[in-house]
Amino acid sequence: MTVNMGPQHPSTHGVLRLVLELDGERVLSADTTIGFLHTGIEKTAEQKKWQQVIPLVERMDYLSAHSNSLAFSLSVETLLGVELPQRVKDIRVLIAELQRIASHLVWLGTHGLEIGAVSVMMYCFREREQLLNINEMLAGFRMFPSYIRIGGLREDLPNGFHDAVTAFLDAFPDKLNEYENLLTKNQIWLKRTRGVGVLPKDDVIAYGLVGPMARAIGVPYDVRKAFPYSGYDAYDFDVPVGTAGDVYDRYLVRMEEMRQSTRIAREALARISPRGVYDIQDYRIVPSPKDTVSTEMEGLIQHFLIYSQGFTVPAGEAYVPVEGPRGEHGFSIVSDGTNRPYRIKLRAPSFYACQGLPKLIVGGMIADVIAVIGSTDVVMGDVDR
């Protein structure tokens, strides 16, 4: 029997369609069909000024807005040849790690819900709400704050930011233990995840799978270690790896990643002063401070030029990868020397995960398809962009 799973199925994480050939409940073949969500963001971005692209890229992987804007900004800043202040780098590291935790919490809550652990989602979204509150404190927006900008940050940290982040980081390790008490040794969870969705290491590498998908089978690739950016080489953290490469090991890897992100975030927060520089202060690239716009003619003129004409980026190509919640992703950008990008292309880890999905589910049971899709943590906005 040939059946469709998706694109409206609640467990396909968006509009992913799988055409499954079944023998009873055994999957004989699978065809991954994408494109139902196609937004054209990459092409739309080529009609925008450089700074105007930030809100667009944040909506690709909609669970990883800070990482998206960070990856885009780093590529553009490479072409501009600018060096950011250390405080800006530390703030970017902090909010990127908080974003990783928030993304993993959505993954864990929905993954547990799909396999039958319904209450886990309520636990995870409880903590995610606190992280969304921190986003709202930063920029007034919860999911797409557009706080990371080319040349720095939108503005300085708000009052109470350090206290809010400290309160979260102090409480979160115990919350992680709660999740593990619910799942890690739960016999139903073990039977649904162990030995399910295994892909050999050679195939993982051949398909270009990254992030927890690769680390769960013992591939220790992490962009933060391999190609450090934003000062990650100065932080003390470990890259968790598994051995079995199954759904269960992907779960264990992401749980440990949240612990390591908490560790990095604590170190970053300790380095950040409550007040200080938040951009490169080159007002040909970043907006003038608000007080100078209302008090100085030069500041007003520069403000007008930035928002009406933007800034130009030297001709060339750049790609600076970052380690997002789903693995390496980055923007390959091409500039022709104008105030708009000539080409933008995203290296999306969810796209590669969809490519390897049939190899993970063929030969298994149809119930295992749900567990495997959840373990890949695909975001279809990342795929159909």
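The values are calculated or read from the model by the stated rules, or taken from the named source; none is laboratory data. All of these numbers come straight from a predicted model, not from anything done at the bench. Using ideal geometry, Cβ is built from the backbone for each residue, glycine included, and neighbour counts are taken over all protein chains shown. Quick note on the areas: whole protein, heavy atoms, side chains included, nothing else; ligands and nucleic acids left out. Shrake-Rupley method; radii C 1.70, N 1.55, O 1.52, S 1.80 Å.
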Would you mind stating whether Y251 is within 21 Å of the chain's Cα centre (by Cα), modelled with pLDDT of 95 or more and under 25 Å from V27 (Cα atoms)?
yes
Yes or no: the stretch 87-105 includes at least one residue that is touching a residue at least 40 places away in the same chain (Cβ under 8 Å), closer than 30 Å to T338 by Cβ and open to solvent by 10 Å² or more (accessible area, probe 1.4 Å).
yes
Sort through V372, V378, V334, V322 and tell me the only one that's closer than 27 Å to L157 by Cα, open to solvent by less than 50 Å² (accessible area, probe 1.4 Å) and β-branched (V, I, T).
V322
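Listed here are the residues, each with its yes/no results for (1) touching a residue at least 24 places away in the same chain (Cβ under 8 Å); (2) small (G, A, S).
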{"site": "G327", "(1), (2)": "yes, yes"}
{"site": "V334", "(1), (2)": "no, no"}
{"site": "G337", "(1), (2)": "yes, yes"}
{"site": "R340", "(1), (2)": "yes, no"}
{"site": "C354", "(1), (2)": "yes, no"}
Of the criteria (1) touching an Asp or Glu at 6+ places or on another chain (Cβ under 9 Å); (2) closer than 18 Å to G14 by Cβ, which one L108 fails:
(1)
Which numbered condition trips up G356, out of (1) open to solvent by less than 10 Å² (accessible area, probe 1.4 Å); (2) in contact with a Gly (Cβ under 7 Å, 6 or more places away or on another chain)?
(2)
Checklist (1) touching an Asp or Glu at 6+ places or on another chain (Cβ under 9 Å); (2) touching a residue at least 12 places away in the same chain (Cβ under 8 Å) applied to Q309, failing item:
(1)
Any residue in the stretch 29-48 that's within 12 Å of R59 (Cα to Cα) and of a type in the set (D, E, K, R): show its pairings with residues that are open to solvent by less than 40 Å² (accessible area, probe 1.4 Å) and assigned to a loop (DSSP other than H, G, I, E, B) at Cβ separation under 9 Å, as long as the two are six or more apart or on different chains.
E42/M60; E42/R385
Verdict on G152 being open to solvent by less than 10 Å² (accessible area, probe 1.4 Å), on the phi > 0 side of the Ramachandran plot and touching a residue at least 24 places away in the same chain (Cβ under 8 Å):
yes
Out of S73, S11, report the one residue that is closer than 19 Å to A139 by Cα, buried (at least 17 other Cβ atoms within 10 Å of the Cβ) and among the hydroxyl-bearing types (S, T, Y).
S73
Just to be sure I understand the filter: pairs with C-beta atoms under 6 Å, separated by 6 or more residues or on different chains, first member in the stretch 269-291 and open to solvent by 40 Å² or more (accessible area, probe 1.4 Å), second member part of a helix (DSSP H, G or I) and charged (D, E, K, R). Which pairs pass?
R271/D90; V277/R87
Does the stretch 226-238 contain any residue that is buried (at least 17 other Cβ atoms within 10 Å of the Cβ), in contact (Cβ under 8 Å) with a residue 12 or more places away in the chain, acidic (D, E) and closer than 18 Å to A265 by Cα?
no
Elements of type strands (runs of 3 or more DSSP E) contained in the stretch 277-385, each with 2 or more residues being farther than 30 Å from V239 by Cβ
327-335, 341-347
Inspect the stretch 203-217 for any residue being of a type in the set (G, A, S) and open to solvent by 10 Å² or more (accessible area, probe 1.4 Å) and give the result as yes or no.
yes
Counting just the residues of the stretch 33-53 that are crowded, with 17+ Cβ neighbours inside 10 Å and in contact with a strand residue (DSSP E or B) (Cβ under 6 Å, 6 or more places away or on another chain), which one comes out nearest to Q309 (Cα to Cα)?
A45
